[in-house]
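Shown next, in structure tokens, is the structure this report addresses.
The values are calculated or read from the model by the stated rules, or taken from the named source; none is laboratory data. No experiment lies behind these values; they were computed from the predicted model shown. Methodologically, a virtual Cβ is constructed for each residue, glycine included, from the backbone with ideal geometry; neighbour enumeration extends over all protein chains shown. Just so you know, the surface numbers come from the protein's heavy atoms only, side chains and all, with ligands and any DNA or RNA stripped out. Shrake-Rupley method; radii C 1.70, N 1.55, O 1.52, S 1.80 Å.
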Amino acid sequence: MKLPPSVTLVEVGPRDGLQNEKQAVPASVKIELVHRLQAAGLKNIEVTSFVSPKWVPQMADNAEVLAGIQRIPGVRYSVLTPNMQGFEAALLSQPDEIVVFGAASEAFSQKNINCSISESMERFRPVVAAALAQGVAVRGAISCALGCPYEGEIAPERVALVARLMREMGVQHVGVADTIGVGTPRKVQAALDAALRHYPLDAVSGHFHDTYGQALANTLAALELGISSFDTSVAGLGGCPYAKGATGNVATEDVVFMLQGMGVDTGIDLEGLVDASAFISQHLQRAPNSRAATALLSRRHAN
Ligand code: HMG
Ligand code: MG
């Protein structure tokens, strides 16, 4: 198996992770988490989202969090923007990149962003055009690419369709998201292949939730195709309030450990990453949902 020599990890813990916490996490903790992640070498950090605070109150402090981060040159700070209202609000905080998030499932699109897939595309179009005109990079996410809590299995053709629509409107990079973690390696490859019909290899990433314990295997299956960018979440945080039963994303620590072991460069310092993981886990008063972090922390305590 030929592996990419280096891999880009997009850390989504502050957004995908903390959007899903029952308890309110103070902005100061979110800011400290981002500081620790960038200190560990993460170069892409999804910080927050500009969505309705009635829908996702956990992200209502979006502008405050972005204002509090001491930005490091070379780090790309991204935010989710579902519509022009979100984009205009986000722009005041000067993100480097925005993410429009659509779905391969009609039912999930309705539940998550309150519109059909085709309506969502009409909402994204002006957002994408405005972002590109302002020099802001644009990523797209395709949720429920492997399965939907409401519709069940999703055919790769549905992923290809959304990828094509996103490509046509100028979205520069697309993430194939297994929102509820039901994908298995070969199915993940088929979904990625569907996105690859419309995007080059370096413009497609994997976003794998680990609900059924498949996320690391799915990451390896994606690497096998030559995919070299993944969304991962510190301490395995994550979930979507509109995807019942979905648990966290694949843990950044586990992916970094695996890649290091295979000689693939990530530019991330695993010990620093474990510090970030311990920090947020302590705040949330639970152990990290990462096998590598658990092992490394217990080794620290034993020494
Ligand atoms: P809507 O109700 O259809 O929007 O919601 P609307 O345009 O009809 O406006 C209704 C109200 O929302 C108005 O306020 C607007 O001002 C307000 P009111 O007059 O009632 O007081 N509003 C907004 N407020 C703040 N920011 C905005 C905004 N837009 C409208 N941008 C909307 C549509 C998309 C806003 C709503 O459905 C929403 O916020 N959904 C939340 C979706 C979300 O954040 N989901 C989790 C993230 S996606 C995810 O986790 C998946 C991912 O990780 C990949 C994967 O794993 O699959 C990315
Ligand atoms: Mg997600």
Please give the calculated 222 nm ellipticity per residue for the chain, where each DSSP H segment of at least 4 residues contributes -39500 (n - 2.57) and the sum is spread over every residue; nearest 500 deg cm²/dmol? -13000 deg cm²/dmol
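Could you work out the percent of alpha carbon pairs in the stretch 1-99 separated by over 19 Å, rounded to a whole number? Show your work: numbers first, answer last.
On the way: 1872 of 4851 pairs.
So the portion of pairs separated by more than 19 Å is 39 percent.
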Which Cys residues of the chain have no other Cys beta carbon under 4.7 Å away? CYS115, CYS240
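How large is the accessible surface per residue of the chain, computed with a 1.4 Å probe and reported in Å² as a whole number?
On the way: 12300 Å² over 303 residues.
Using a 1.4 Å probe on heavy atoms only, each residue of the chain averages 41 Å².
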Environment charge at GLY135 (Cβ cut-off 15 Å; Lys +1, Arg +1, Asp -1, Glu -1): 0
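What's the long-distance tail for the stretch 40-163, i.e. % of Cα pairs beyond 17 Å?
Working: 4425 of 7626 pairs.
For the stretch 40-163, the share of Cα pairs beyond 17 Å comes to 58 percent.
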Expressed in µm² per second, the diffusion coefficient of the chain from the Stokes-Einstein equation, with Rh the Kirkwood radius over alpha carbon pairs, at 4 °C and 1.567 mPa s, is 69 µm²/s
Express in Å², to the nearest 10, the accessible area of MET84 obtained by rolling a 1.4 Å probe over the protein heavy atoms while all chains stay in place. 60 Å²
Under 24 Å, Cα to Cα: Lys pairs in the stretch 8-302, sequence gap 8 or more or different chains: 10
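Given the stretch 8-302, what percent of its DSSP beta bridges are antiparallel, to the nearest 5?
Within the stretch 8-302, antiparallel bridges account for around 5 percent of the total.
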How much of the calculated P(r) for the stretch 211-303 lies past 22 Å, in percent of all Cα pairs? 29 percent
Taking a crude spin-label model, label points 7 Å out from Cα along the C-beta direction, the GLU153 to GLU21 distance in nm is 3.9 nm
Taking N as its residue count, the alpha carbon Rg of the stretch 124-198 over 2.2 N^0.38 Å: 1.15
With a 1.4 Å probe and every protein chain kept in, tell me what percent of the accessible surface of the chain is carbon plus sulfur. 52 percent
³J(HN,Hα) across the stretch 72-83 via Karplus (A = 6.51, B = -1.76, C = 1.60, θ = phi - 60°), whole Hz, x for Gly/Pro? 10, x, x, 9, 9, 9, 10, 9, 8, 9, x, 7
Cut-off 13 Å (backbone N to label point 7 Å along Cα→Cβ of GLU88), residues of the stretch 118-134: 127
Long-range amide H partners of SER49 with built H, under 5 Å: LEU80
Given the options ASP193, ASP269, ASP254, which has the most mean-square fluctuation in a GNM of the chain, springs set between C-alpha atoms less than 10 angstrom apart? ASP269
Using 0.36 nm times the number of residues separating GLU106 and ALA137, minus their current alpha carbon distance, what extension gain do you get? 8.5 nm
Post the alpha-carbon centroid distance, the stretch 47-77 to the stretch 195-236, in whole angstrom. 24 Å
Any idea how far apart ALA190 and ALA129 come out in nm if each label point goes 7 Å out from Cα toward Cβ? 3.7 nm
Summed side-chain charge close to SER290 - residues other than SER290 whose Cβ falls under 10 Å, Lys, Arg +1, Asp, Glu -1: -2
Going residue by residue through the stretch 262-268, the Karplus relation 6.51 cos²θ - 1.76 cosθ + 1.60 with θ = phi - 60° gives ³J(HN,Hα) values, rounded to whole Hz and with x marking Gly or Pro, of 9, x, 9, 7, 10, x, 10
